[in-house]
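Below is one structure, written out as structure tokens, with a few remarks after it.
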Amino acid sequence: MKRKIAYLVNHISLWIQLSFFMLLIVTATVFMLTYRNFTSIRDLTISNQFSLSSSLLRLESENLDHYIADLAYFCIQPYYDSTFTRIINQKTPVSATQLDYVKQQMFYYYYTRNDIQEYELYLINQDISIGRTKSQEHITIQETPNFDTRQASLLCSENQMNHAITSCSDSGVFFTYYHSLFQAKGRVQQAVVRLQIDTSYLKQILKNHTGNSNTLVILNESGQFIFSSNPSLFSAKHHISEIQNTENTLKSGAKTVRIQGNDYLVIKEVSSKSGIQLINFIPLSSIDSAFGTISSQMFIHGFLIWFIILLVIYLFVYLLTLPLKLLSARMQQAGSGDFHTFPEMHGSSEIAELSSSFNSMLSHIEQLIQQNYLAQISEKNARLTALEAQLNPHFLYNTLQAISTEALINDQPKIHQMITSLASNLRYTIKAGDLVPLSAELQYLSDYVFLQQTRLDDALHFNIETTPELENYLLPKISLQALVENSIIHGINSGKERIQITVSIKKLSDDRLRISVLDNGCGISLKQQEKLRNDFHMAMTAQNPGGIGLANLYVRLHLLYSAPTDLQIHSEEGKYTNIVLILPCVD
């Protein structure tokens, strides 16, 4: 599976891959921003709707409290009439004259309001009911009340305001209102007033809820149904607890409920005085419908932005990868054998650098081809020269051995020792490998110093400081001789009569050898030290490979060891020179 994917990816152009991935990123970003704006504006719309509806219900609840307070005042108004009060509180049977007085007063009270359909006063002590119903034209005395007096009396006694509000099955009635009348002393109920309120005040409330699909529900303080503007959604057969079980709180703090499979924004206001509950159900679908035009424009704008960005991405990626296509074509030409350079391309610093590097590579390849051609021609001549060169050192070594023997025969031991040392050094340079034991290198150095001391007499003093356990460690051949030779050349040629050279070899704690060659010669100036260090670096380049003297030793160190090495120069002009060689311990 991985191979198939890799094969497919390798056969799709880079600009297509870049365009595809950038398109995915832009699409996800635009969609996320559009959706986020949509949800933010929708939440803000719902929050505003919730706040406005809450404020409206609060005002309606306050007005409804005032309206109920007026009804309460209407019910207790007869108590301001002392005669009326005595008749209500009277426990002995009332006379016909007293009943006529009550009827006359109730008639006056009844016609002070035009929102009461039925008005009934039940005298508890007399067990009679006086009032008027819709089917009656006058205030009459009824031995049987038109309501459950015991239930009404109980409901009023349970309320701090001594009243109760219940629903009515009559479609022309808003609600039924009960209010108890009692003596101040002992708060013993003497009468219960029943009022049936028509829908005139309700119509005023509903004016604020017309023209939309809102549903206004009114419950009494016990949570019992009073009124619903949409009985199919909520009516007396429904219970508020069933709806509250589906309640959900949005991020804005607004609450929603699910009714009949649809979500509604629910706003509830409970009167602090009467306990009446006003609940407004606003379908979220109506809010989304009103928000639909804005959301459509929002998504259209998002699509236009996405499309414009898509075009910009296409042009950007195409122009960005065009130089790479040209470079790829040029590479194919180079693969066919055409190594001529081509005009440099531009577009970005990376492309310009890549074009320049490719041209440099082509130029270098062409030079290598020419050098390889010349090397093949020179190789044949080199082989013949190498065969001749192998004969010359052996001839020279054999000749030196013959001269040494002749000197010994003629009683010339110093000449014999000099020739023997020279022959030993010659044999060492011919046969030894690249890395030699420290003991062999020290022997070679001793022979070299002996020859130099023979030449310089007392002008050269030499000393070696080392320990036997270091003699098996390997170091580059003729490395010590190169350091000592450098001290002799710079020390003697400086005009000093005598020079002291000390070679110190130690093993460091990090398993490395420290070889120090210290002389008391004329020293090396700072400028000359800088030149030597530049020679070291130049010797590592192709323009000046190898070098001579210390530079040659510096290159050999880096070629022979994989571990870090160092060649340090410490000197003070006119006083001393100390060349330090740091090598890994290899045996």
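Observations on the model:
- Those residues of the stretch 291-300 which are open to solvent by 30 Å² or more (accessible area, probe 1.4 Å), at pLDDT below 75 and over 15 Å from M32 (Cβ atoms), in sequence order: T293, I294, S296, Q297
- Condition check for V217: of a type in the set (A, V, I, L, M, F, W, C), in contact with an Asp or Glu (Cβ under 6 Å, 6 or more places away or on another chain) and at pLDDT 80 or above: no
- Every residue from the stretch 443-473 that is loosely packed, with under 15 Cβ neighbours inside 10 Å and assigned to a loop (DSSP other than H, G, I, E, B): T467, N472
- Test: residue in the stretch 122-134 that is among the aliphatic types (A, V, I, L, M) and either assigned to a loop (DSSP other than H, G, I, E, B) or surrounded by fewer than 20 Cβ atoms within 10 Å (Cβ to Cβ) (or both): yes
- Hey, E247 surrounded by 16 or more Cβ atoms within 10 Å (Cβ to Cβ) and of a type outside the set (K, R) or not: no
- Every residue from the stretch 105-114 that is open to solvent by 80 Å² or more (accessible area, probe 1.4 Å) and in a helix (DSSP H, G or I): F107, Y108
- Applying the set (1) at negative phi; (2) open to solvent by less than 40 Å² (accessible area, probe 1.4 Å) to Q500 leaves exactly one unmet item: (2).
- Beta carbons closer than 8 Å, at least 6 apart along the sequence or on distinct chains, pair a first residue in the stretch 302-317 that is part of a helix (DSSP H, G or I) with a second that is polar (S, T, N, Q) for G302/T34; W306/T27; I313/S19; Y314/S19; V317/S19.
- The residues of the stretch 474-485 that are outside any strand (DSSP E or B) and either touching a Leu at 6+ places or on another chain (Cβ under 6 Å) or among the small types (G, A, S) (or both), listed by number, are S479, L480, Q481, A482.
Per-residue answers, yes or no, for (1) within 30 Å of H66 (Cα to Cα); (2) assigned to a strand (DSSP E or B); (3) open to solvent by 70 Å² or more (accessible area, probe 1.4 Å):
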| residue | (1), (2), (3) |
| --- | --- |
| G223 | yes, no, no |
| A236 | yes, no, yes |
| K251 | no, no, yes |
| T256 | yes, yes, no |
| E269 | yes, yes, no |
| S286 | no, no, no |
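- Whichever residue in the stretch 503-538 is acidic (D, E) and open to solvent by 40 Å² or more (accessible area, probe 1.4 Å) and, among such residues, is farthest from Q453 (Cα to Cα): D510
- Pick from the stretch 152-172, criterion under 14 Å from I226 (Cα atoms) and modelled with pLDDT of 90 or more, ranking: surrounded by the most Cβ atoms within 10 Å (Cβ to Cβ): I165
- Whenever a residue of the stretch 79-104 is open to solvent by 40 Å² or more (accessible area, probe 1.4 Å), its partners that are of a type in the set (K, R), lying with C-beta atoms within less than 9 angstrom and at least six residues away or across chains, give the pairs Q98/R86.
- When the stretch 271-284 is filtered for residues that are over 43 Å from the mean Cα position of the chain (by Cα) and either surrounded by fewer than 21 Cβ atoms within 10 Å (Cβ to Cβ) or assigned to a strand (DSSP E or B) (or both), the ones remaining, listed by number, are S271, S272, K273, G275, Q277, L278, I279, N280.
- Taking the stretch 177-192 as the range and being buried (at least 18 other Cβ atoms within 10 Å of the Cβ) and free of Cβ contacts under 8 Å to residues at least 24 places away in the same chain as the test, only F182 passes.
- Residue in the stretch 135-151 that is free of Cβ contacts under 8 Å to residues at least 24 places away in the same chain, under 17 Å from F74 (Cα atoms) and surrounded by 12 or more Cβ atoms within 10 Å (Cβ to Cβ) present: no
- Condition check for I488: within 23 Å of V555 (Cα to Cα) and among the β-branched types (V, I, T): yes
- Of the residues G495, G491, the single one that is loosely packed, with under 13 Cβ neighbours inside 10 Å and at pLDDT below 80 is G495.
- So S51, is it surrounded by 14 or more Cβ atoms within 10 Å (Cβ to Cβ), in a helix (DSSP H, G or I), without any contact (Cβ under 8 Å) to a residue 60 or more places away in the chain and not basic (K, R): yes
- Subset of the stretch 176-226 (residues that are among the basic types (K, R) and more than 17 Å from Q117 (Cα to Cα)): K185, R187, K207
- Against the test of being open to solvent by less than 90 Å² (accessible area, probe 1.4 Å), at pLDDT below 75, hydroxyl-bearing (S, T, Y) and touching an Asp or Glu at 6+ places or on another chain (Cβ under 8 Å), the options S421, S378 yield a single qualifying residue, S421.
The values are calculated or read from the model by the stated rules, or taken from the named source; none is laboratory data. The shown structure was predicted, so the numbers you read here are calculated from the model rather than taken from an experiment. Methodologically, a virtual Cβ is constructed for each residue, glycine included, from the backbone with ideal geometry; neighbour enumeration extends over all protein chains shown. Each accessible area value is taken on the protein alone, full model and side chains, heavy atoms only, with ligands, DNA and RNA left out. Shrake-Rupley method; radii C 1.70, N 1.55, O 1.52, S 1.80 Å.
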